[in-house]
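Worksheet for the structure shown next.
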Amino acid sequence: MSAIAADPDAPGTDRLPVLSPMLQRLAAERATGALMRDRGTLYLADGQVVHAESPATPGIDVLLTTGGTLRHEGWWDAVAQAGAARRVGRYLVDSGHVPGGALELCHLGALYDAAFFALAPTGTPARFRYGVAHWIGPVRPVPVAAVERETLRRREFLDRIWPDPACDSAPLLRTVHGTDAPVPARQRRLLELVDGVRTSSDIAQALGRSAFHILVDLRRLAAAGLVEAVRAQPLPAAATPGRITLPEVTADPDIALLRRLRDALEAL
């Protein structure tokens with residue numbers, strides 16, 4: 001029977017976490033289960049990170065199939081045959097769908113990508129569900145320290161490119177300079193999807209690329225003045241309680257209406 005542990009380092013405590021003290025404690029305990037955070041989930045086995053997922057990033061299935069490493073039919077065959085046993089990764093290799101080295105590289109890319117977002121600062125307390133395992137199964141465990149170190153490295157790298165994180169999560173617009181500016185082909189394909197509605201995560205899903213690598217390109221484009229975040233519009237000020245708002249009086253009032261109102265008042 002699984003249990004749920006609450007994060008002792010939730011907002012309001014005096015301790016200042018680096019990334020996730022709860023994750024470090026679970027690593028020290030050699031815990032197995034799922035650490036659920038606001039922007040993603042880290043799966044642990046014996047205190048090591050064995051998988052990560054985030055709604056901000058394409059899953060390992062998208063990365064494998066979009067890159068041409070695996071056909072869609074092969075992915076769904078593996079899920080059907082080995083999903084219930086939580087050995088999809090092992091089945092992909094044993095059945096010849098994916099070479100072992102290619103699966104490891106893709107899995108590590110998906111793990112670090114999702115962990116970067118899952119470990120983002122948040123005001124929502126984390127939860128750990130003991131005993132939960134992911135259906136991908138064992139591929140290549142990663143020490144917690146390595147995951148945290150890579151996450152911090154990526155944050156610092158993005159800030160060196162362009163220190164404003166607004167384009168990381170907001171819808172994006174091309175500036176007037178971004179319509180015909182000469183950019184590399186990879187960034188041009190990305191710019192074609194910048195439409196004032198899509199976010200960086202939407203673009204990563206559409207292209208089947210690492211969400212972090214999309215952020216790198218977007219920050220470079222932002223630094224060059226080619227894209228910008230759509231800023232949230234302030235809400236209209238609420239009406240002052242107790243004050244009656246009268247309709248605007250035009251310079252040409254309806255004379256007939258005024259006469260009818262006068263006649264009605266005189267008849268009282």
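Numerical summary
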| read-out | value |
| --- | --- |
| Prolate/oblate/rounded label for region 161-227 (Cα gyration tensor, a/c 1.5) | rounded |
| Backbone HN-Hα couplings from phi across region 102-107 [Karplus 6.51/-1.76/1.60, Hz, Gly and Pro as x] | 5, 5, 4, 5, 5, 5 |
| Net charge of neighbours whose Cβ lies under 13 Å from the Cβ of E150, counting Lys and Arg as +1 and Asp and Glu as -1 | +1 |
| Rounded accessible area per residue of region 63-107, 1.4 Å, Å² | 56 Å² |
| Long-range amide H partners of V227 with built H, under 5 Å | T175, A222 |
| Whole-percent carbon and sulfur share, accessible surface of region 20-158, 1.4 Å | 53 percent |
| A223/R140 FRET efficiency (R0 35 Å; Cβ-Cβ; nearest 0.05) | 0.55 |
| Radius of gyration and maximum dimension Dmax of region 20-158, Cα, Å | 14.8, 44 |
| Extended-chain gain in nm, criterion 0.36 nm per residue less alpha-carbon gap, E156 and L193 | 10.7 nm |
| Å² of accessible area per residue within region 161-227, as computed with a 1.4 Å probe and no ligands counted | 45 Å² |
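The values are calculated or read from the model by the stated rules, or taken from the named source; none is laboratory data. Keep in mind the model is a prediction, meaning the values are calculated, not measured. In this analysis, Cβ positions are derived from the backbone assuming ideal geometry, glycine residues included, and neighbour counts consider all displayed protein chains. These accessible areas exclude ligands, DNA and RNA; they are computed on the full protein's heavy atoms, side chains included. Shrake-Rupley method; radii C 1.70, N 1.55, O 1.52, S 1.80 Å.
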